[in-house]
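Chemist: Sharing a structure, written as structure tokens. Questions coming.
The values are calculated or read from the model by the stated rules, or taken from the named source; none is laboratory data. Computed from a prediction, not measured in an experiment: that's the story for all the values here. Don't worry about glycine lacking a Cβ; one is built from the backbone with ideal geometry, like all the others, and counts go over all protein chains shown. Note: areas computed on protein heavy atoms with side chains; ligands, DNA, RNA excluded. Shrake-Rupley method; radii C 1.70, N 1.55, O 1.52, S 1.80 Å.
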Amino acid sequence: MASPSPVTPTPLLKDELDIVIPTIRNLDFLEMWRPFFQPYHLIIVQDGDPSKVINVPQGFDYELYNRNDINRILGPKASCISFKDSACRCFGYMVSKKKYIFTIDDDCFVAKDPTGNDINALEQHIKNLLSPSTPYFFNTLYDPYREGADFVRGYPFSLREGVPTAVSHGLWLNIPDYDAPTQLVKPRERNTRFVDAVLTIPKGTLFPMCGMNLAFDRELIGPAMYFGLMGDGQPIGRYDDMWAGWCMKVICDHLGLGVKTGLPYIWHSKASNPFVNLKKEYKGIYWQEELIPFFQAATLPKECTTVQSCYKELSKQVKAKLGKVDDYFNKLADAMLTWIEAWDELNPSAQLPNGK
């Protein structure tokens, strides 16, 4: 009698998660990710020349959008989606119909843990999102919901239930996510430190969010994950994910949602050109000295009970307080409103308190 074949476990959230990938090239990198990504639906946002044919390895379930598609679907509102910049990925967030999003760059490969095993980054992100966050009181054993950990002595029992996790921010081995000046002074530096930890970013604390290894609960926080106006025709680049991170964190703090950072790691394979990056970042390096205090001081009225209403209020504050820094922020504030209008058109049922 033949022994029964082993049962393959159903991948976590197989029908509830989309993988969003921005790209300008063939997606050969997916071969390495095939064991982890193949069960899921991919949304590929093609940047640059829409006439270029992007090859996707066989066997993946995907939809691909280029600039012509974005213009067709959004019409005049397509102006809020960046061109010639990976910020175009947020169009994928908007057209997704799933509860969760995982986004990754096409130069990111499967990393190995210290024992030499491949890291299933997507699975770890899902575990982060499905367990609560603890933004109101720091646990010195980091994530108390991980196996083998718990709340330490002195942690208030009234806070141990935690809050819903809206965002899971992963890290990178090999090429660190540095700005151009740091790249220039440390051209050979590589991140080899694998830190086996996940922690909740405390309430009131901002962080520089990187978009190349990121997952979030689209229903809880999706409308705040706008990567701004970057790239072609704009005076700034490489601040798209950070802008989304600052806006998102202010809104999560207001709505009582959590953000985790740490595991999982991916392998970031190539460093972008530091001189090209410096040209993109130049104004942002100056502007961020105004932006950070703005977001640190930003407060939202209690009447703002949805992500959309919070985001609209934040856009008003951007125009009122950052418009004087540079006219670009007036354009960005208008684009923030356009983004929300487009989001609500494509997602008419998602306008409930806290995205629930």
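Chemist: Can you give the Rg and Dmax of the chain based on its C-alpha atoms, in angstrom?
Modeler: Both quantities, over Cα of the chain: 20.1, 79 Å.
Chemist: Going from most exposed to least, what order do ILE285, ILE21 have by accessible area with a 1.4 Å probe?
Modeler: Numbers: ILE285 50, ILE21 0 Å².
Result, largest first: ILE285, ILE21.
Chemist: Past the 29 Å Cα-Cα mark, which pairs from LYS14/LYS280; LYS186/LYS321; LYS279/LYS319? The partial results should precede the final answer.
Modeler: Values: LYS14/LYS280 37 Å; LYS186/LYS321 35 Å; LYS279/LYS319 25 Å.
Over 29 Å apart, Cα to Cα: LYS14/LYS280; LYS186/LYS321.
Chemist: Considering only protein heavy atoms and a probe of 1.4 Å, how much of the accessible area of the chain is carbon and sulfur, as a whole percent?
Modeler: Values: 8920 of 16530 Å².
In the chain, the share of accessible area belonging to carbon and sulfur is 54 percent.
Chemist: So, by mean Cβ neighbours within 10 angstrom, what's the order for 189-202, 324-337 with the highest one leading? All intermediate terms of the calculation are to be shown ahead of the outcome.
Modeler: On the way: 189-202: 15.3, 324-337: 17.4.
Answer by packing, highest mean first, reads 324-337, 189-202.
Chemist: Could you provide, to the nearest whole Å², the per residue accessible area of the range 17-346 with probe 1.4 Å?
Modeler: On the way: 14220 Å² over 330 residues.
Using a 1.4 Å probe on heavy atoms only, each residue of the range 17-346 averages 43 Å².
Chemist: While we're on this one: Using the structure shown, list the pairs from LYS77/LYS312; LYS249/LYS331; LYS99/LYS260; LYS98/LYS127; LYS260/LYS316 with a Cα-Cα distance above 26 Å, or answer none. Present the calculation step by step, with values, prior to reporting the outcome.
Modeler: On the way: LYS77/LYS312 16 Å; LYS249/LYS331 22 Å; LYS99/LYS260 18 Å; LYS98/LYS127 17 Å; LYS260/LYS316 28 Å.
With Cα atoms farther than 26 Å apart: LYS260/LYS316.
Chemist: Now for a different question. I'd like the antiparallel share, as a percent to the nearest 5, of DSSP beta bridges with both residues in the range 153-285.
Modeler: On the way: 7 of 16 bridges.
So the antiparallel bridges amount to about 45 percent of the total.
Chemist: Right, another one. Can you give the calculated 222 nm mean residue ellipticity of the chain, where each DSSP H run of n ≥ 4 adds -39,500 (n - 2.57) and the sum is split over every residue, rounded to the nearest 500 deg cm²/dmol?
Modeler: Values: 10 runs with 112 residues, N = 356.
That calculation yields -9500 deg cm²/dmol at 222 nm.
Chemist: Provide MET242, MET94 ordered by accessible surface of protein heavy atoms (probe 1.4 Å), highest first.
Modeler: On the way: MET242 35, MET94 0 Å².
Correct descending sequence by accessible area is MET242, MET94.
Chemist: Hey, another quick one. For the range 76-229, what class follows from the C-alpha gyration tensor (a ≥ b ≥ c being the square roots of its eigenvalues): rounded when a/c is under 1.5, otherwise prolate if a/b is larger than b/c, else oblate?
Modeler: On the way: a/c = 1.79, a/b = 1.23, b/c = 1.46.
Oblate shape, in that a/c is at least 1.5 and b/c is the bigger or equal ratio.
Chemist: Quick check on packing: order 291-298, 162-169 by the mean number of other C-beta atoms within 10 Å, highest mean leading.
Modeler: On the way: 291-298: 15.5, 162-169: 24.6.
Taking the mean over residues of other Cβ atoms within 10 Å, the ranking is 162-169, 291-298.
Chemist: With unit charges on the beta carbons (Lys and Arg positive, Asp and Glu negative) and the dipole taken about the Cα centre of the chain, which residue among PHE60, THR165, LEU291 sits farthest to the positive side?
Modeler: It is LEU291, whose Cα lies furthest towards the positive end.
Chemist: Of all DSSP beta bridges located in the chain, what percent are antiparallel, nearest 5? Let's see the in-between values first.
Modeler: Values: 16 of 41 bridges.
Restricted to the chain, the bridges split so that about 40 percent are antiparallel.
Chemist: Mind listing the phi-derived Karplus ³J(HN,Hα) values for the range 188-200, rounded to whole Hz, using 6.51, -1.76 and 1.60 with θ = phi - 60°, and x for any glycine or proline?
Modeler: Per-residue couplings from phi come out as 9, 5, 10, 8, 10, 8, 9, 9, 7, 8, 10, 9, 8 Hz.
Chemist: Before anything else, pin down the relative contact order of the chain: Cα pairs under 8 Å, at least 6 apart, normalised by residue count, whole percent.
Modeler: On the way: 651 pairs, mean separation 66.6, N = 356.
That works out to 19 percent.
Chemist: Net charge within 9 Å of ARG67 by Cβ-Cβ distance, Lys/Arg positive one each and Asp/Glu negative one each, not counting ARG67 itself? All intermediate terms of the calculation are to be shown ahead of the outcome.
Modeler: Values: positive: none; negative: ASP47, ASP49, ASP69.
Local net charge: -3.
Chemist: Further question on the same structure: Any idea how far the Cα center of the range 152-219 sits from the one of the range 49-68, in Å?
Modeler: When both Cα centres are located, 30 Å separates them.
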